[in-house]
Amino acid sequence: MAEPRVQGWCPGALRPMQSGDGLLVRLRPRGGRILPDAAAGIARLAIAHGNGLLDLTSRANLQLRGVTDASYPLLMAGLQSLDLLDATAAGEARRNIVVSPFWSRSDGSQAIADALADALAGPDAPELPGKFGFAVDCGDVPVLNHISADIRLERGADGDLICRADGVTAGKRVTAESAVAAGLALAHWFLGSGGTTQGRGRMSLHLKNGPTLHPSYLEAPAQPTAIASPKPGPAAAGFLVGLEFGQMRAETFAALSRLGTLRATPWRMLLIEDASVAPELAGLITSRDDPLLRVIACTGSPDCLQAARPTRKLARSLAPYVPDGAVLHVAGCRKGCAHPASATVTLTAGLDGFDLIREGSANDAPTRVRIAPEFLLAHPETLIETT
Ligand code: SF4
């Protein structure tokens, strides 16, 4: 199987990435929140200067697809007029913060996320690797434990806020006022203790390699479990709607913008703030039992240049055969970017077919190799066979 090219950085608005369908422009909504005027403006810009498709990423960011070299400057001008651009590409890249969409006005999440964003834009901010990120998860129970992040600001087992390094089960006790400083200090420790190699590195891998955290970062136990991925329906602070493979038409996003402020989630869903019923809009998943909620698939070919094969058509066809409670991940290559975590079954595309991995991620050792997609469609029971 060909090795995918590791970019080591994530696209932004100020630093777009070339993809198979044009430039990929990623927006990082501040606090994970998209106000109605901004959402309507983004939808307009996606139609005018992109291919009209929007992705919600696994870190709760929003991507415009199909932007061209000619339309990019016009898109930037439009985003600037909506006040959605950072001052510099470096500052934008550092502002890698996932916020729990279930934050409440009293739990401190928004103030912490805001202060963290400002600190990461400052001249003395740590020069962190492109994939390094923060999770702000200050509700009663953390919900982002399975979402990629290196430093977590969350509620510990005794109810206090803690600052936790990803990969350990305890953190430093902090307050809403001291959380950001503790997070930045931990980021500086990561850099100073050799957490990066050639500009890349992640916290949990670094900790596995031996360096020991200061004891103050191990004083307060974390809450042991995260909740499972939420489903569409009423939720804390609003109503969750799902998006097939995290993608929607800009017209759908424009229609959603008329329903209220939107909160981005890392689960291919948007939360409509203060809504209590399902919107009657095409292009959304509103049933908790929809089989499409059990499948995850990245862009695949031809729109991702690294993909060995198309992914989504196969995932859509196999969705009805995925048992309730299981997850099928179809990855266009071993990077598995749509779902870096383990899935019940992962199909990783190669030039000779799909490798099948059980209870692992796209780069783990397969139990079966080079399966033709036609075979999987004719024998979907292959997914749940136990041998
Ligand atoms: S996992 Fe999918 S989207 Fe990511 S690089 Fe590979 S083919 Fe592209």
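Calculate I(q)/I(0) for the chain by the Debye formula, one identical point scatterer on each C-alpha and no solvent, and give its log10 at q = 0.11, 0.13 Å⁻¹ to two decimals.
Listed by q, the Debye log ratios stand at -0.80, -1.14.
What spacing in nm lies between the two simple spin-label points modelled at R44 and E177, each 7 Å away from Cα in the Cβ direction?
If labels sit at R44 and E177, their model points lie 4.3 nm apart.
Excluding A338 itself, what net charge comes from residues whose Cβ is under 12 Å from its Cβ, given Lys and Arg +1 and Asp and Glu -1?
On the way: positive: R59, R268, R312, K335; negative: D55.
Its environment carries a net charge of +3.
Can you tell me how much longer the chain between S216 and S317 gets when fully stretched, taken as 0.36 nm per residue apart minus their C-alpha distance, in nm with one decimal? All intermediate terms of the calculation are to be shown ahead of the outcome.
Details: separation 101, 0.36 × 101 = 36.36 nm, distance 5.04 nm.
Net length gain for the segment: 31.3 nm.
Pop a pseudo-label 7 angstrom from the Cα along the beta-carbon direction at both T88 and R370 and give the gap in nm to one decimal.
5.1
Around L318, what is the net charge, scoring Lys/Arg as +1 and Asp/Glu as -1 over all other residues with Cβ under 12 Å from its Cβ?
Numbers: positive: R294, R312, K313, R316; negative: E381.
Taking every Cβ under 12 Å from that of L318, the sum is +3.
Provide the per residue accessible area, probe 1.4 Å, for the chain, rounded to a whole number of square angstrom. Write out the running numbers ahead of the final one.
Working: 16790 Å² over 387 residues.
Per-residue value: 43 Å².
Could you work out which residue, out of S148, S204, S109, moves most in a Gaussian network model of the chain, that is, has the largest mean-square fluctuation with Cα springs under 10 Å?
Comparing S148, S204, S109 in the GNM, the peak value goes to S204.
Set Lys and Arg Cβ to +1 and Asp and Glu Cβ to -1, take the dipole of the chain about its Cα centre, and tell me which of A343, L284, C298 lies farthest positive.
Among A343, L284, C298, the one farthest towards the positive end of the dipole of the chain is C298.
Under the definition of Cα pairs under 8 Å and six or more residues apart, what whole-number percent is the relative contact order of the stretch 289-344? Numbers along the way, then the final one.
Working: 94 pairs, mean separation 22.4, N = 56.
Relative contact order comes out at 40 percent.
Take A121 and H379, extend 7 Å from each Cα along the Cα→Cβ direction, and tell me the distance between the two endpoints in nm.
For the pair A121/H379, the computed spacing is 5.6 nm.
Tally the DSSP beta bridges in the stretch 9-157 and give the antiparallel ones as a percent, rounded to 5.
Numbers: 10 of 17 bridges.
Here the share of antiparallel DSSP bridges comes out near 60 percent.
Could you check what % of the DSSP bridge pairs in the chain are antiparallel, to the nearest 5? Write down the numbers at each step before the final one.
On the way: 48 of 62 bridges.
Beta bridges within the chain, antiparallel portion: roughly 75 percent.
Using the Cα centre of the chain as origin and beta-carbon charges of +1 (Lys, Arg) and -1 (Asp, Glu), tell me which of G353, L85, I147 is placed farthest towards the positive end of the dipole.
G353
Report the charge-dipole magnitude of the stretch 91-221 in Debye, nearest 20, computed about the Cα centre from +1 at each Lys and Arg Cβ and -1 at each Asp and Glu Cβ.
Working: 12 positive and 15 negative charges, 90 e Å.
In debye, rounded to 20, the stretch 91-221 gives about 440.
What is the magnitude of the charge dipole of the chain about its Cα centre, with +1 placed on the Cβ of each Lys and Arg, -1 on the Cβ of each Asp and Glu, and no other charges, expressed in debye to the nearest 20? Before the final figure, lay out each step's value.
Numbers: 37 positive and 38 negative charges, 116 e Å.
Charge dipole, the chain, about its Cα centre: 560 debye, nearest 20.
Using a cut-off of 13 Å between beta-carbons, work out the net charge of the residues near G159 (Lys and Arg +1, Asp and Glu -1, G159 not included). Before the final figure, lay out the partial values.
Details: positive: R155, R173; negative: D107, D140, E154, D158, D160.
Charge balance in the 13 Å sphere: -3.
Of S100, M203, G183, which is farthest along the charge dipole of the stretch 91-221 in the positive direction, counting Lys and Arg as +1 and Asp and Glu as -1 at C-beta?
M203
I want to make sure I understand the PRE zone here: with the label point 7 angstrom from the Cα of V141 toward its beta carbon, which residues in the stretch 82-108 have backbone N atoms less than 14 Å away?
From the stretch 82-108, the list is 102.
Filter the chymotrypsin sites (Phe, Trp or Tyr not before Pro) in the stretch 101-196 to those in DSSP coil with at most 16 other Cβ atoms within 10 Å of their Cβ, and list the result.
On the way: sites: F102, W103, F132, F134, W189, F190; in loops: F102, W103, F132.
Sites meeting the loop and neighbour criteria: none at all.
The values are calculated or read from the model by the stated rules, or taken from the named source; none is laboratory data. Computed from a prediction, not measured in an experiment: that's the story for all the values here. Cβ sites come from the backbone with ideal geometry, for glycine too, and all protein chains shown count toward neighbours. Note: areas computed on protein heavy atoms with side chains; ligands, DNA, RNA excluded. Shrake-Rupley method; radii C 1.70, N 1.55, O 1.52, S 1.80 Å.
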